[in-house]
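I have placed the structure first, in the form of structure tokens, so that the comments after it can refer back to it.
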Amino acid sequence: MKQALIVVDYQNDFVTGSLGFPGAEALDGPICGKIRAARVAGADVLFTLDTHGSDYLDCMEGKCIPIPHCIEDTDGWRLYGGVAGEISTADAVFIKHTYGSLALAEHLSERQYDRIELCGLVTDICVLSNAVLARAACPEAEIVVDARAVSSADRAAHERALAALERIYVTVVNRG
């Protein structure tokens with residue numbers, strides 16, 4: 001069985017930086033555990049990095065969320081905590097300039113994984129976007145999101161996103 005773990009945007013700016021929120025740091029241990037378990041299982045470990053330039057406020061996202069974040073090569077752009085120590089040169093890293101990564105979707109489509117798990121931040125924006133792309137890229141795959149390994153500053157939006165994921169046949173585990 002071909003498996004992949006996708007760690008979505010677990011970057012400093014989403015944990016302790018400009019878009020950080022209480023509780024985001026608590027995902028570090030669970031995500032590190034998922035990375036280690038994926039490696040033991042022989043799964044591919046994939047990372048997305050939200051990435052912007054100094055012109056962020058001029059783009060569509062910057063006009064909607066006028067808070068500069070994940071500016072390339074800054075501390076806020078780098079992976080957070082223990083997760084930063086888990087990345088390997090063998091892992092694919094997808095730089096993305098918007099919520100979902102088309103390059104990630106192409107990678108998934110080329111490999112046709114049987115099982116894909118997503119974890120990271122933020123549930124109702126980038127995790128949701130990349131899960132939808134994963135479903136489109138691998139329509140027959142089992143896609144899983146562990147509710148203990150994703151989060152959002154907006155708890156109601158987090159819950160709505162988990163419900164939306166279930167509607168596209170993403171298995172949400174450890175919910176509630």
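The values are calculated or read from the model by the stated rules, or taken from the named source; none is laboratory data. Note that the coordinates shown come from a computational prediction; the quantities given were computed from them, not determined experimentally. Cβ placement follows ideal geometry from the backbone for every residue including glycine, while neighbour counts extend to all protein chains displayed. Ligands, DNA and RNA are excluded from the accessible area calculation, which covers all protein heavy atoms including side chains. Shrake-Rupley method; radii C 1.70, N 1.55, O 1.52, S 1.80 Å.
Here are a few things to note about the model shown:
- Of the criteria (1) within 23 Å of Leu79 (Cα to Cα); (2) open to solvent by less than 70 Å² (accessible area, probe 1.4 Å); (3) of a type outside the set (A, V, I, L, M), which one Arg115 fails: (1)
- Given (1) under 17 Å from Thr48 (Cα atoms); (2) crowded, with 19+ Cβ neighbours inside 10 Å, number of the condition Ala161 does not satisfy: (1)
- Within the span defined as segment 50-58, every residue fails to be within 23 Å of Ala134 (Cβ to Cβ) and open to solvent by 20 Å² or more (accessible area, probe 1.4 Å).
- Beta carbons closer than 7 Å, at least 6 apart along the sequence or on distinct chains, pair a first residue in segment 30-46 that is under 14 Å from Ile116 (Cβ atoms) with a second that is in a helix (DSSP H, G or I) and not polar (S, T, N, Q) for Val45/Ile35; Val45/Ala38; Val45/Arg39; Leu46/Leu104.
- Filter result for Arg175 (among the charged types (D, E, K, R), at pLDDT 95 or above, more than 13 Å from the chain's Cα centre (by Cα) and open to solvent by 20 Å² or more (accessible area, probe 1.4 Å)): no
- Scoring Phe47 on the criteria (1) under 20 Å from Asp154 (Cα atoms); (2) at pLDDT 95 or above leaves a single failure, condition (1).
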